[in-house]
Amino acid sequence: MKKVFFIAMITIGAFTTVNAQSTQFSVTGGYVNGNAKVEGFGESESDAQGGLYLGFAANFSLAEKSSIYTELAYMNIDDTNFIQLPVLFKYEFADNLSFLVGPQFTYTAEESFEELSNFSLGLSVGLGYDFTEKLYGLARYTQQLNNYYTGSFDIDATINFFNVGIGYRF
């Protein structure tokens, strides 16, 4: 967990230092769906559960229509706690409508079994819409790229996420 917060602080600090004049901060929250899938020994099992997330976000302007959007969010799905840290390239391709893509780091804040990792790396793709200057909406899908299972058997364990929420800029 210390690694996630360390990465978050370095990311936010680096972008704030480079581009402090055009940085916007916000609070975010919404619905998240996690789809856990385990494949191994010729079998496949999956289970989808929903929950809520709440966090803080920062948008660092790069140019007139492009920026870096990052968020540090706590989420709870079926009594399991996660920390999400997406770092996304954001491009406004139409009035108030933007496309987001980039990596997302997820940390499972629960004690896990010996052969399971608490950390995952995913690729996020999403859309954002600015309702007003202060209020915006986001929807993104994250496909996990690494395997939670770290043991010696040929098992693949992943959790993919779908987030839908709103944000309020300060």
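Report summary: the helix-based calculation at 222 nm, which adds -39500 (n - 2.57) for every DSSP H run with n ≥ 4 and divides by the residues of the chain, gives -3500 deg cm²/dmol. If one takes the longest principal axis of the Cα atoms in the chain, at what angle in degrees, from 0 to 90 and to the nearest 10, does the Cα axis of helix 2-18 lie? Value to nearest ten degrees: 20. Relative contact order (percent) for the chain, with alpha-carbon contacts under 8 angstrom and 6 or more residues of separation? After rounding, I find 22 percent. These residues, Phe119, Phe82, Phe113, go from largest to smallest accessible area, 1.4 Å probe, as Phe113, Phe119, Phe82. Other residues lying with their Cβ under 10 Å from the Cβ of Gly165 contribute a combined charge of 0, Lys and Arg counting +1, Asp and Glu -1.
The values are calculated or read from the model by the stated rules, or taken from the named source; none is laboratory data. Just so it is clear, the model here is predicted, and its values are computed rather than measured. Quick reminder, even Gly has a Cβ in these numbers, built from the backbone with ideal geometry, and neighbours come from all protein chains shown. Accessible surface is based on the protein model in full, side chains and every heavy atom, while ligands, DNA and RNA are left aside. Shrake-Rupley method; radii C 1.70, N 1.55, O 1.52, S 1.80 Å.
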